[in-house]
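> Before I ask anything, let me first share the structure, which is written out below as C-alpha cells.
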Ligand code: SF4
Ligand code: SF4
Ligand code: SF4
Ligand code: FES
C-alpha cells in the first residue's frame with residue numbers, strides 16, 4: 001500500500017495514501033467530531049463540524065472528505081478550529097427546538113454531546129425564525145420532528161441505501177427540509193418501516209412511535225394476562241441501553257428486568273423461531289418435492305415483506321407463507337397456550353420486544369389473528385424496553401440472571417441465530433437436511449452463510465440434491481438478488497433480512513453514534529454474541545426443542561397440517577399501486 | 001420561499017406522454033439525465049406535476065422524491081401550470097415602492113389565484129417577477145408580451161376583461 005507522511009498536532013504519522021484527514025487522525029487515536037459523516041453512505045462534507053487547520057490552506061477544511069497529501073501539517077484542535085466548531089453549533093441551535101430536558105435522544109444525541117463538549121453556553125445567540133415544517137406522525141412506526149433536524153442528510157442516505165429513497169431534501173435556502181415527494185405524508189409513499197433512518201439520525205428528529213404507554217396500561221389492568229416475548233437479537237443489544245459494551249449477552253438480566261416490570265410470563269421469541277423453522281423447512285421440502293414455487297424466500301422480516309409487496313409484487317408467491325416468529329408466538333399463545341391455561345384469549349395481552357420498527361406495522365397487518373384477536377398486541381423496540389426499565393428505576397447492571405418461563409421460553413441454538421443475517425438459513429438447513437437425509441447431521445455449522453457480506457451464496461449437497469441457497473441483508477442486497485432471480489438465475493432457498501446485517505442492526509436497536517457506526521463493526525460484534533450463545537446451547541436444532549414437540553403433539557399435529565396452516569401461516573398483498581411513487 | 005404546488009387536476013395528453021417517453025428513452029442509462037429530462041418535460045407540459053415527476057422517476061429508475069427535491073431546489077422548475085395568459089407583476093424596488101403589491105392583491109381578488117397559481121379554466125396564471133427595466137413606468141405588469149405601466153389597482157379588472165373576451 002502506498003503511504004504518505006503527515007504531521008497531525010505535531011506528531012508524525014504514516015497513513016495510507018488516499019485517506020481522509022479524519023481517517024488519518026484515527027491512526028493516532030485522535031478523534032475529530034463529525035455530524036453529517038457516515039462512512040461510505042454519507043460523505044458529503046455538509047455540516048462543517050469536522051473542520052481542521054491545514055498549514056498553508058486558505059481556510060479551514062472539512063476533515064471527513066479532505067484527503068491527506070505528503071508532508072501535510074494538520075491541527076485538529078487549534079483555537080481557530082474550536083471557535084469555528086462552536087460557531088457552527090450556535091448556528092445549528094438557532095433554528096433548533098432545544099428541548100433536551102425531555103427529548104428521547106437526550107444522552108445519545110450527537111448534537112447535544114458536541115454542544116456540551118464545546119461549551120456552547122450561549123444557546124440562543126442567533127435565535128431566529130424557525131422552519132415552518134414540523135411533524136409527520138402519519139406512519140405507524142415512526143415520527144419525524146423537523147424542528148430537531150440539523151439537515152445532515154444521514155437519513156436520506158440510509159433510506160437510499162435501502163433502495164427505498166422515499167425521503168429527501170425539499171426546497172432550498174431557509175426552507176430546506178427533509179420530507180417526502182410533494183411533501184405528502186410518510187404513509188402515502190412506499191416507506192417499508194425499516195427504521196434505518198432512525199438509527200442513523202444524530203438527533204431526536206427521527207424516533208420510533210413510542211408505544212410504552214400501551215404496555216404500561218396493560219400491566220396495570222388486572223383483567224389482562226400480560227405476556228412478553230423477546231426477539232433473538234435483543235438479548236445481545238439491550239445492554240447497550242445501559243452503557244454495557246457492544247456484544248454483551250444480557251439474556252438473564254433481561255428476563256429479570258421484564259419480570260420486575262410486572263409481566264405475567266416472560267417467554268422467548270426464540271421458541272417461535274424454532275416453530276418457524278419447523279413450518280418453513282416443511283414448506284421448502286414440500287415445494288421441492290411437489291414442484292412448488294422456488295426459490296422459497298423467508299418471511300421473518302416485516303421490512304422485507306413490505307418491500308416485496310411494494311417493489312416486487314411478482315415475487316409474492318415465492319415468499320414462504322409462514323408468519324414471522326413474533327406473530328407465530330402470539331398465535332400459539334392465544335390458541336394453544338390460552339386453552340391449556342384456561343384463559344380467554346381476549347384477556348391475553350402479548351407484547352413483543354423487537355429489534356425492529358417494521359414489527360409495529362406487522363402487528364397491524366391483516367390475516368395475523370389466529371384466535372380471532374390480534375396475535376400480538378404491541379411491538380416495542382429494544383430502545384423502548386430500555387426506556388421502560390430506566391423509567392422503573394431498575395438497576396439493570398446489578399440484576400441477577402434469571403431464566404425464561406416455561407414452556408414458551410424453551411429454545412435451541414437454531415432459534416437464537418435468527419437475529420443475525422444467515423441465521424434463518426442455517427437453522428432451516430439444520431432441520432431440512434436432517435429430515436431429507438433421515439439421519440442426524442454430523443455438523444450443524446453452515447459457516448458459508450454467516451458473516452456480514454451483503455450477499456452470501458452456497459451450494460449444499462442434501463440427500464443427493466444440490467441445494468443452491470443465497471442470503472442477503474439490507475434491501476439493496478434484496479433488490480440485487482431479486483433482479484438476478486427475475487433474470488433467470490436458479491436458487492432453491494433465499495433468506496432476506498430487511499436491515500443490513502439482519503436484526504442485530506435493526507431499526508429498533510439501541511442507537512450508536514456515527515463514529516461508532518463508521519469505525520466499529522457493530523453488526524459483526526453483536527452477531528458474534530449470538531453465535532457464541534448458539535455454540536453453548538445443549539440443543540441446536542429446532543426440531544429437537546421439547547416444547548416444540550409438545551405443541552405438535554398436543555395441538556398442531558405435524559408441520560404444514562391444517563391447524564398449522566390456520567394458526568401459523570399468512571398471506572400477502574400487492575401494495576405497488578396504492579402509493580405515490 | 002417554498003414552492004407552490006398546483007391543485008388543478010392533471011390534464012396531460014397521450015401525445016405529451018409519448019413525447020416524454022421518447023425523451024426518457026434518449027437519456028436512458030445516462031447518469032446525468034435527470035436535469036435535462038426534467039427540463040424537456042417542463043417544455044412539453046409547461047410544468048412538472050406529480051404525474052409527470054412520477055413518469056420521470058419510473059423512466060429513469062430513480063425515486064420521485066429525488067425528482068421532487070431537484071424540482072424544488074432549482075428556480076427554473078415550476079410545479080404549477082402556466083395559463084394561456086401569464087400575468088407578471090414586477091416586484092422590483094421601483095414598482096414595489098409605487099404599490100405593485102396592491103396590483104397583485106387586486107389580481108388575486110379578481111381571479112382567485114395567488115402568485116404561482118393558475119386559474120381553473122387555464123386562462124390566466126400569475127407570477128411575481130424581478131425588475132424588468134421599465135422603472136419609468138412603475139408599477140408595471142406584463143401579460144404575455146403586452147406591457148402595462150403606471151397602473152393602479154382600479155385598472156386591473158378592465159385589463160383582464162380584454163383577455164376574457
Ligand atoms: S435533538 Fe438533541 S439537542 Fe435537540 S432537543 Fe433532542 S437531545 Fe437536545
Ligand atoms: S423507515 Fe426505512 S423506508 Fe421508511 S423512510 Fe426510514 S429508511 Fe426509508
Ligand atoms: S432527520 Fe435526522 S438524519 Fe435526517 S437530516 Fe434531519 S437530523 Fe439528519
Ligand atoms: S462536514 Fe465533515 S462531518 Fe459534516
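> Within segment B:85-164, what percent of beta bridges assigned by DSSP are antiparallel, to the nearest 5?
The antiparallel proportion sits near 55 percent.
> Compute log10 of I(q)/I(0) for segment A:61-162 with the Debye formula, placing one identical point scatterer on every Cα and leaving out solvent, at q = 0.10, 0.22, 0.23 Å⁻¹, to two decimals.
With no solvent term, the Cα-only Debye profile gives -0.39, -1.32, -1.37.
> Then there's this: Please compute the volume of the convex hull spanned by the alpha-carbon atoms of segment B:14-73 and report it per residue in Å³.
Normalising the Cα hull of segment B:14-73 by residue number yields 70 Å³.
> Mind running the shape call on segment B:122-165? Use the C-alpha gyration tensor, a ≥ b ≥ c as the square roots of the eigenvalues: rounded below 1.5 for a/c, prolate if a/b tops b/c, oblate otherwise.
Oblate shape, in that a/c is at least 1.5 and b/c is the bigger or equal ratio.
> Sort B:7, A:333, A:20 by Cβ crowding within 10 Å, fewest neighbours at the top.
Taking fewest neighbouring Cβ atoms as first place, the list is B:7, A:20, A:333.
> Let me ask you something else. Relative to the first principal axis of the alpha-carbon coordinates of chain A, what is the inclination of helix A:251-261, with its axis defined by its Cα atoms, in degrees from 0 to 90 and to the nearest 10?
90 degrees
> Now for a different question. At 4 °C and 1.567 mPa s, what whole-number value in µm²/s does Stokes-Einstein give for the translational diffusion of segment A:75-226, with Rh from the Kirkwood sum over Cα pairs?
Roughly 75 µm²/s, to the nearest whole number.
> Using all alpha carbons of segment B:85-164, what is the percent of pairwise distances in each 10 Å bin, ordered from the shortest bin to the longest?
Pair shares across the bins are 21, 60, 19, 1.
> A further question on this structure: Over the C-alpha atoms of segment A:125-207, what are the Rg and the largest Cα-to-Cα span, Dmax, in Å?
12.2, 40
> Using alpha carbons only, how many degrees (0 to 90, rounded to 10) separate the axis of helix A:382-391 from the longest principal axis of chain A?
80 degrees
> For segment A:491-581, compute the orientation-averaged projected area of the C-alpha convex hull (one quarter of its surface), in nm².
Averaged projected hull area, Cα only: 10.7 nm².
> To one decimal place, what Kirkwood hydrodynamic radius in Å is obtained for segment A:411-460 from all pairs of distinct Cα atoms?
11.4 Å
> Note the angle between two axes, namely the Cα long axis of helix B:50-60 and the longest principal axis of the Cα atoms of chain B, as a number of degrees from 0 to 90, rounded to the nearest 10.
For helix B:50-60, the angle is close to 30 degrees.
> Next question, about the same structure. With the cut-off at 23 Å, report for segment A:355-452 the share of all Cα pairs above it, as a whole percent.
54 percent
> Still on this structure, please answer the following. Using only alpha-carbon positions, what ratio does the radius of gyration of segment A:289-441 give when scaled by 2.2 N^0.38 Å?
For segment A:289-441, the normalised Cα radius of gyration is 1.20.
> Still on this model: How large is the helix-only mean residue ellipticity at 222 nm for chain A, computed as the sum of -39500 (n - 2.57) over DSSP H runs with n ≥ 4, divided by its residue count, in deg cm²/dmol to the nearest 500?
Dividing the helical sum by the residues of chain A leaves -9000 deg cm²/dmol.
> Is the shape of chain A rounded, prolate or oblate, going by the alpha carbon gyration tensor and its root eigenvalues a ≥ b ≥ c, with a/c under 1.5 for rounded and a/b larger than b/c for prolate?
Since a/c reaches 1.5 and a/b is larger than b/c, the shape of chain A is classed as prolate.
> Something else now. When a/c reaches 1.5 or more, the comparison of a/b and b/c decides; with that in mind, is segment A:179-324 rounded, prolate or oblate per its Cα gyration tensor?
In terms of gyration-tensor shape, oblate.
> Where in segment B:38-61 does the label zone of residue B:15 land, with the point 7 angstrom along Cα→C-beta and an amide N cut-off under 18 Å?
B:41-47, by backbone N distance to the label point.
> Here is a further query. Kindly provide the helix-only [θ] at 222 nm of chain B, computed as the sum of -39,500 (n - 2.57) over DSSP H runs of four or more divided by all residues, to the nearest 500 deg cm²/dmol?
-13000 deg cm²/dmol
> Now, a different point. Could you please rank A:550, A:341, placing first whichever residue has the fewest other Cβ atoms within 10 Å of its Cβ?
Ascending Cβ contact count within 10 Å gives the list A:341, A:550.
> Moving to a separate point now. Give the relative contact order (percent, whole number) for chain A; include only Cα pairs under 8 Å separated by 6+ residues.
Computed value for chain A: 16 percent relative contact order.
> Enter the per residue convex hull volume of segment A:1-89, computed from alpha-carbon coordinates, in Å³ rounded to the nearest integer.
88 Å³
> Additional query: Report the antiparallel proportion of the DSSP beta bridges in segment A:431-581 as a percent, rounded to a multiple of 5.
In segment A:431-581, approximately 60 percent of DSSP beta bridges are antiparallel ones.
> Springs between alpha-carbon atoms under 10 Å, Gaussian network over chain B: tell me which of B:31, B:139, B:81 tops the mean-square fluctuations.
Comparing B:31, B:139, B:81 in a Gaussian network model of chain B, the most mobile one is B:31.
> Report, for segment A:213-577, the % of DSSP beta bridges that are antiparallel, rounded to 5.
That works out to approximately 30 percent antiparallel.
> Can you give the average number of partner chain beta-carbon atoms within 10 Å of each beta-carbon in peptide A:179-186, as a whole number?
Average per residue, whole number: 5.
> Further question: Taking a spot 7 Å from the Cα of residue B:131 along the direction of its beta carbon, which residues of segment B:72-109 have an amide N less than 14 Å from it?
Once the point is set 7 Å along Cα→Cβ of residue B:131, B:90-98 turn out to lie under 14 Å by backbone N, inside segment B:72-109.
> Among A:274, A:132, A:347, rank each residue by its count of other Cβ atoms within 10 Å, from fewest to most, as a rough exposure measure.
Fewest to most other Cβ atoms nearby, the residues stand as A:132, A:347, A:274.
Each value in this text was obtained by applying a stated rule to the coordinates, not by laboratory testing. Please read these numbers as outputs of a predicted model, since none were measured by experiment. Counting neighbours? That spans all protein chains shown, and the Cβs are built from the backbone with ideal geometry, glycine included.
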